[in-house]
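Okay, structure first, notes after.
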Amino acid sequence: MIMPDRTALRRARLASTAFAFSLQKDQVVTDSGMKVSVLRLYPLREPVSGRRYTLLKIVTESGLVGMGECGEVSAADFAKATRIVAEKPATAYEVIRQHLLPWPGLQAAVNMALLDILGKKAQAPIYQVLGGPTRFKARSSAALEGETDAALATSMKRAHVAGHRAFLVPVPRVGAPNQGQAFIQATRRRLDRLREAGGDGVDFVLDGAGLLSAGDASSLAHELERFHLLWFDEPCRLSTLSPARKIASESVTALGFGRHLHDPGAFQDLLREEVVDVLRPSLALNGISQIRKMAALAEAYYVAVAPHHNGGPVATAAALHLAASLPNFFLQEIPLPVSEADRRMRSELVGASLETVADGFAALPTGSGLGITLNEDALERYRERPA
Amino acid sequence: MRRRQFLTGLAGAGFAGIARPRELGASSSCICAMLPLQNALGAEAFLGVGSKIKITNMKVFGVSLTPDSDRPYVFVKLETDSGVVGWGEATLEGKAGAVMACVDDFREFIIGSDPMQVEHHWQSMYVHTFYRAGPVIGSAIAGIDQALWDIRGKVLGLPVYKLLGGPMDSKGVRGYYHARASNKEELAHLRATASSLGVTCFKSGIPGYYEWIETNASIRRAVGAMQMLREGLGPDIDIGVDFHAKTSPSVASILIKEVEPLNLLFVEEPCPPENVKAMARIARRSTTPIATGERLVASFSCRELIELGVADILQTDINHVGGITALWKVAAMAEASGISMAPHACEGPIGSLATVHVDAATPNFLVQEICSGVQPEMKEKVWEEWLGFPAMRMVNGRFPLPQKPGLGFDLTEDALKKYPFGGTRPMARVFHQDGSVAAW
């Protein structure tokens, strides 16, 4: 063999600023004061809409406060999560996420709160801590409310005045599986009327809420191919992927899935099976970090992320930071309560309204951490107490 | 030759003087329908949400530890108007000149921009380059990306692994050295040394070069080398074997079948990486975990490896895959599929240290490579001279975590001057018995 000297051939492997930072040589970063010392839960309920969410407050030894949010939490689960999180360094949000995976809601809320703390420690908005901003404003949408086409048109008008240009539209009431052409045409009429009322500058997400049979959903997706929905959300249940496969293979209407999912493998199945065009992880079940990981996965499939959110104002803040940290973010739902009392509650809780939208886009928060100031009085006032 | 001198000369000057046309589209003679509209959304659009820090200069250094090195390090230094500087590594073996030129091609993307927006810049460098993935572009992006993370950490006052939510273990990240031993006695000695140092894992290669189909003698030689590793190192040390893509799927499958009883930690690159289904054929017939990925660029390149069940362990290299941003994304993808991370690291100290930061925040991390033996080598003495600490030397079998903000080291341009760029040199060229081209 003509083989030159081996050792010579082997690769070497075998051979003025916005920040108050001070850079000192040999500066060592410690966890001093950063251990989690207090966790508190605040179950809340909006007075008119009845929308429920739970806020979580985490305080470090040094007094940094972080806020998070999720859905309803049992006292037993909270006790378990508290034991896991207490005394751990608050910056180690990825370590703590791993420990809390069995409790998706608490995992999500704790993650938001820890990133809030990390941002405050670093004196920067969370999106900057996470490598952003990737954008300077976030495309938004509002869910329309109402049973009838007329009520939805009124709801859209209100949301349009509030600045939204994209709307989540419920399918008409579903009576039974396989409702046939009457249902398809009723949905079509509903969307046509809304588009006519809204003009060219508005867009729609059709919300199937997981209620439709594969047959109905597929017929609808086919009927709406040339209507150009942004996407058809949750067209069927995901108890198995077969219905989703059928719908995705029979039309080019973009599909959104994932609002109830929190297992990374379930999101990956959606991508791997090529049934999803818009990944819809919920803030309240996944938190910021887990959605970032799912977004990284989706990016490799050239798939967009539009996190699901129908909770409170803390998760809205989290969602906006998340949006500004992702390259493949598309749109963020922002809850838009009808009643003034509900809206007041949301802005009082966090010191200001982050839920302001102009011409279809929400502005990014600019303060440290989540960029919200917790109003303790409001928290106590609105706190839901056992009857 | 002129090109080499051109690059050598520029290395010291940091490419500072090259003027570039500002309006890329307007002066173009291209009239194709794909000519982009130039829109105004540059750095100005982010003023309200940015950090107010600006990158003021970018310098590229070719660093040859020996004048005839075929793999000079390529380092990138970014300077900001706040005084904070960041270092990154863009080393691409055998292609130093090309990477240095490519880093400089990104000058317009970087100067004047906000260093905190690392994801935005990563996307812009990758997407606006049009050709997207490729090792030269990937390595150039990697160098800039690491420097941006170094700056981010320093500005935010935290080590990079804390920005990423770590450390998973404050004692550091588990590592392996290469087994520098050619017989049983040396392996036994290595085993004793490892035991005293707390080192728990080694990697080695298989001897020689392999044709598409191999002879009985060649197969027995390769199998014998792997058996000797296990016998010499004993049952308790984890062993990875790097096939280095020297083998075809046909030969690799036979070798892997033979060494199943050795319980290797992994077999690495059992065939070349660009054809995923070929490696899948090997993986289907193997119970030994398959590791691969060191030559891949960007997370996009990992989809098929994951979906087809090829990779049990991904080894993307921070200096080629696209820096911290891209390595983190690969780890996130792998995590969702129960795939472990064992990143490749065979270049300079900056990329290796940056990798340790990502490892420390990766729940699915397995083990970290360093291309060195249990005894420090010449390059590691130089690294210590540069950085002031023994970078990438394990303590109790782990690479300790840097404690300072950013990537956690201080490096001066002066320190590099002793090792000037010796130019780009071709990597090894090897041939079979009949003169045909062999892979190493």
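Bear in mind these aren't lab numbers, they're just calculated from the coordinates by the rules spelled out. This structure is a prediction, so every number in the text was calculated from the model and none was measured. Cβ placement follows ideal geometry from the backbone for every residue including glycine, while neighbour counts extend to all protein chains displayed.
Observations
- Taking θ as phi - 60° and the Karplus parameters 6.51, -1.76 and 1.60, the scalar couplings of segment B:65-71 work out to 5, 10, x, 9, 4, 8, 9 Hz in sequence order, x denoting glycine and proline.
- Kirkwood Rh and Cα Rg combined as Rg/Rh, the protein assembly as shown: 0.99
- Ordering of A:49-62, B:157-170 by burial proxy (mean other Cβ atoms within 10 Å per residue, highest first): B:157-170, A:49-62
- Hz values of 3J(HN,Hα) by residue in segment B:413-418 - Karplus curve (6.51, -1.76, 1.60), Gly and Pro given as x: 5, 4, 4, 7, 5, 5
- For residues of A:89-102, the mean tally of beta carbons on other chains within 10 Å: 4
- Calculated FRET efficiency for the pair A:Ser74/A:Thr373, C-beta based, R₀ 45 Å, to 0.05: 0.95
- Potential lengthening of the chain between A:Tyr302 and A:His222 amounts to 26.5 nm, from the contour at 0.36 nm per residue minus the alpha-carbon distance.
- Calculated FRET efficiency for the pair B:Lys277/B:Thr56, C-beta based, R₀ 30 Å, to 0.05: 0.05
- Each Lys or Arg adds one and each Asp or Glu takes one away; over the other residues whose Cβ falls under 15 Å from the Cβ of B:Asn396, this sums to +3.
- Set of segment A:82-124 residues, backbone N closer than 13 Å to the point 7 Å along the Cα-Cβ line of A:Lys35: A:85-90
- Rg over Rh [alpha-carbon atoms, Kirkwood Rh] for chain B: 0.98
- In segment A:222-295, Cα pairs under 8 Å separated by at least six residues give a relative contact order of 30 percent.
- Among beta bridges that DSSP assigns inside the protein assembly as shown, antiparallel share in %, nearest 5: 50
- Annotation for B:Gln403 and A:Asn178: the two label points, set 7 Å from Cα along the Cα-Cβ direction, are 7.1 nm apart.
- Paramagnetic label zone (point 7 Å from Cα along Cα-to-C-beta, A:Val161; backbone N under 20 Å) in segment A:110-141: A:141
- Estimated [θ] at 222 nm from DSSP helical runs (n ≥ 4, -39500 (n - 2.57)) normalised by residues in chain B, nearest 500: -11000 deg cm²/dmol
- Restriction of the trypsin sites (Lys or Arg not before Pro) in segment B:30-113 to DSSP coil positions whose beta-carbon has at most 16 other beta-carbons within 10 angstrom yields B:Lys52.
- Across every pair of non-identical alpha carbons in segment A:137-368, the mean reciprocal distance, once inverted, gives a Kirkwood radius of 17.9 Å.
- Within chain A, DSSP assigns beta bridges of which about 50% are antiparallel (rounded to the nearest 5).
- 5 angstrom amide H check on A:Ser141, placed H, neighbours 5+ away: A:Gln332, A:Glu333, A:Ile334
- Computed from backbone phi, the HN-Hα couplings of segment A:255-262 come to 10, x, 9, x, 5, 9, 8, 9 Hz, rounded to whole numbers (Karplus: 6.51 cos²θ - 1.76 cosθ + 1.60, θ = phi - 60°; Gly and Pro given as x).
- Most to least packed among B:192-200, B:279-287 [average Cβ atoms within 10 Å]: B:279-287, B:192-200
- Over 19 Å between alpha carbons, listed pairs A:Lys137/B:Lys77; A:Lys137/B:Lys52; A:Lys137/A:Lys157; A:Lys57/A:Lys120; B:Lys246/B:Lys329: A:Lys137/B:Lys77; A:Lys137/A:Lys157; B:Lys246/B:Lys329
- Spatially proximal aspartates and glutamates relative to A:Lys88 (Cα-Cα < 19 Å; intrachain offsets below 8 disregarded): A:Asp31, A:Glu61, A:Asp77, A:Asp116, B:Asp169
- Once the C-beta distance of B:Val127 and A:Thr154 is scaled by a Förster radius of 45 Å, the resulting FRET efficiency is 0.60 to the nearest 0.05.
- Separation of the A:Glu87 and A:Ser242 label points, Cα + 7 Å toward Cβ, nm: 5.0
- Segment A:137-368 - share of DSSP beta bridges that are antiparallel (%, nearest 5): 20
- Summing Lys and Arg as +1 and Asp and Glu as -1 over all other residues whose Cβ lies under 10 Å from the Cβ of A:Ala362 gives a net charge of +1.
- Here's how it looks for B:Ala438: its modeled amide H is under 5 Å from those of B:Val430, B:Phe431, B:His432, which are all 5 or more places away or on a different chain.
- Relative contact order of segment A:116-265, defined on C-alpha pairs under 8 angstrom at six or more residues apart (%): 17
- Peptide B:164-170 - average C-beta neighbours from other chains (10 Å radius): 6
- Out-of-range pairs (alpha-carbon distance over 30 Å; input B:Lys54/B:Lys404; A:Lys246/B:Lys257; B:Lys59/B:Lys162): A:Lys246/B:Lys257
- Comparing B:Thr355, B:Thr129, B:Thr91 in a Gaussian network model of chain B (Cα springs below 10 Å), the most mobile by mean-square fluctuation is B:Thr129.
- In percent, rounded to a whole number, the relative contact order of segment A:137-368 is 22, using alpha-carbon pairs under 8 Å and six or more apart.
- Cα gyration tensor category, rounded, prolate or oblate, for segment A:285-343 with a/c compared to 1.5: prolate
- Sum of side-chain charges, A:Glu147 neighbourhood, beta-carbon under 13 Å (Lys, Arg +1; Asp, Glu -1): 0
- The mean number of partner chain beta-carbon atoms within 10 angstrom of a residue's beta-carbon across peptide B:338-346 is 1.
- For A:Ala254, the residues 5 or more places off, or on other chains, whose built amide H falls under 5 Å of its own are A:Phe232.
- Selection of trypsin sites (Lys or Arg not before Pro), segment A:145-205, meeting DSSP coil and at most 15 other Cβ within 10 Å: A:Arg173
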